[in-house]
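Down below is the structure, laid out as structure tokens.
Derivation of every value follows stated rules applied to the coordinates shown; laboratory data play no part. These numbers were taken from a predicted model, which means no experiment stands behind them. Neighbour counts are summed over all protein chains in view; Cβ atoms, including those assigned to glycine, are modelled from backbone coordinates with ideal geometry.
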Amino acid sequence: MVFPSIFFNMETGSVAQFSTLLILAFSYCLHRWKKVVFFFIIILLALMGVRSAFAFGGGPGVCGTSCMAQRNYYGAPYGGVPFYAYPQMFPSYMGNNNWQFSSSPYMQPDCVQCRMQGQYQNYGMPYAQPPWATYGMNNYSNYSYPGAWGWGGMNGGAYPGHAPGMMGKPNVYFSGRPGTEVKVKMQLAPGNNILAAVPIIGEEGWNFKLSKNNRISANGATYGYLFYDYRTGLDSFQFDKGFCTSHAEVVPKMANVLKKLDFKGKEITDFTEYWSAKMPASEEYCVYPQVETEIKGSVVLEVTPTPSKNTRVFFFVLPKEIMGHPELQKYTQRPSSHWTPPAIRTVASTSGLEVREWGVGFLTSWE
């Protein structure tokens, strides 16, 4: 059994080994039942004490095993020589300081966040946390909601690019005849840049085939939708029409817009489940919906074959804390009029293909 560092300002791996040897030595000296009972009481108290490391007996929000691991440096901190009797038990969790400290000689970096987010670069050196790691809670599964959040917006310094807007999780859904081969080419406005895409997007965009239940088959895998994050300028978006509402109502009201625009039930459920957990905390928000007229000035999706219906809606969400910011007057005024969904238009097409896309955007943050 491995016990983490609880009360001592020492390297966790060393304390773990010391604790194990101490318990073994103590148990060897036990000969009477009273001492055995006393021994198990010590074990019980120790288990209760490690709840901060293993979430034992803790409730929501406690620091779990991977969280605790990332706050300690298994390996050889500052170049010291570690002692690991059981190296298979000590993966290298180096937090975001892998470029400063040497890693474990026994295993490659491995943690929940590393597996989810992959390796990143810091001053030219790889490290095992995404760049926004220090800005949010290290607790799975709401890791850093909705990203590098601070001061009423997304921390622009945590992402590549310089555009003042962050559009999070645009999901692109397709419906049509099974077997339809589809190509989607993305064109970003100058100054915008993509941050993530699933499935992977090549220079020519996405190429996939529709399968049963309108799922996407690409690269030997199936997906419910295309997904991407990107950084965007704001010039093409409108910040005059919208609505302001409370934390409890902001996601339901946006979901109601999707319903009025004929999004499918599963697509609305995806929206509510994700953004109910990822919406940053605030008492009030002002929401500025954007449709194709505004969106195409930021990002164009050229779909082949031509869809008969193409419905796109993005929501820029501004929390109360950023409203009226003196340097952002153009974008942080309360809506001057209420936004109403536009009429749904169709185009002449024999493909039977329909496209629906939703996304939620934020401004970058200012101190």
Which aspartates and glutamates have a Cα less than 14 Å from the Cα of Lys309, not counting those fewer than 8 places away in the same chain? Asp262, Glu292, Glu354, Glu357
Treat each spin label as a single point 7 Å out from the Cα along the C-beta direction, and report the Phe26 to Gln333 distance in nm. 6.9 nm
Of all GluC sites (Glu not before Pro) in segment 153-237, which ones are in loop regions per DSSP and have a Cβ with at most 15 other Cβ atoms within 10 Å? Glu203, Glu204
Provide the gained length on full extension for the span Glu302 to Ala189, in nm with one decimal, where the gain is 0.36 nm per separating residue minus the Cα-Cα distance. 39.3 nm
Once Lys and Arg are counted +1 and Asp and Glu -1 for all other residues with Cβ under 12 Å from that of Gly147, the total becomes +2
Two pseudo-spin positions, 7 Å from Cα along C-beta at Ala277 and at Thr222, lie apart in nanometres by 2.3 nm
Taking square-rooted eigenvalues a ≥ b ≥ c of the alpha carbon gyration tensor, is segment 316-367 rounded, prolate or oblate, where a/c under 1.5 means rounded and, failing that, a/b exceeding b/c means prolate? prolate
Just subtract the alpha-carbon distance of Val198 and Leu45 from 0.36 nm times their residue separation and send over the number in nm, one decimal. 50.5 nm
Length gained if Thr340 through Asp235 is fully extended, taking 0.36 nm per residue and subtracting the Cα-Cα distance, is 35.7 nm
Nearest 20 debye, what's the magnitude of the dipole of segment 202-303 about its Cα centre given +1 on Lys and Arg Cβ and -1 on Asp and Glu Cβ? 500 debye
